[in-house]
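Quick note: the coordinates plus some simple rules give every number you see, no bench work behind them. Just so we're clear, the structure is a prediction, and the values are computed from it rather than from any experiment. Cβ atoms come from the backbone with ideal geometry, glycine included; neighbour counts cover every protein chain shown.
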Amino acid sequence: MSKVILIICLFVSVSIWGQNQDTIYNKATEYLKANELQKAIRLYQFANDIHPRIELGQCALEKVDSLRPIVRKRVTDKLIGNWKMADSESNWIIREDNLVAKMMTIDSEEIKFLELYKNSKEWTLIKTEKLRFLDKAGIDLMYTEVVYSNKEIWDYTIDDDSGLLSISYTGEETDTGRTEMVCGITRTNYFRLQ
């Protein structure tokens, strides 16, 4: 009797997961039709994660693979420009020097970090990073995460309402995937310079 109940429970849970996959896939398709590609790609990725080996999961993965370059191109196009630091929510960095302002210049290939110091008339280039998105097989991708040369992963997100660029540290790239940020807040907000 207990084996029958176990089999029934297993069948019901698999059916529910399958229905959820259909629902998520259909919602992703709605976002795709509405040209909300970032929302669509995240839901297609989730639909694939539920049952990656069945046909619907494979279709979702194909959608992810075809949308990824388009989404990244759109993200890159939005990021291009000059951004001045508005505020920093880093709760563990204390800096005491003559720093007046920070700025980033982003183009399609790289990110330049600049600083302006008291009594200086020019911005000082601090470092340059390639604009390289995180792209590791077998892990969920945010599609907006940039990997720096030191393997740090930073999420670059522009708020649609305010236009602020929020950059958040999310972990580090490893040979097998990535680590996750576990404590503290490391987020900086920038506004676009005209």
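Details
- Extension gain from residue 53 to residue 113, taking 0.36 nm per residue of separation minus the Cα-Cα distance: 17.3 nm
- Cα extents of the stretch 117-194 along the three principal axes, largest first (Å): 48, 30, 25
- Among residues other than residue 30 with Cβ under 15 Å from its Cβ, the summed charge is +3 (Lys and Arg +1, Asp and Glu -1).
- Each label was represented as a point 7 Å from its Cα along the Cα-to-Cβ direction; for residue 128 and residue 160 these points are 3.5 nm apart.
- Listed by chain and number, the lysines placed with their C-alpha closer than 27 angstrom to that of residue 151 are 39, 73, 78, 84, 102, 112, 127, 130, 136; residues fewer than eight positions away on the same chain are left out.
- Using the Cβ of residue 151 as centre and a radius below 14 Å, the other residues enclosed give a net charge of -4, where K and R count +1 and D and E count -1.
- Between residue 20 and residue 86, the FRET efficiency estimated from the beta carbon spacing at R0 = 35 angstrom works out to 0.35.
- Packing, as the average of other Cβ atoms within 10 Å across residues, places the peptides 160-169, 144-153 in the order 144-153, 160-169, highest first.
- Residue (of 47, 71, 60) at the positive-pole extreme of the stretch 15-71, dipole from beta-carbon charges: 71
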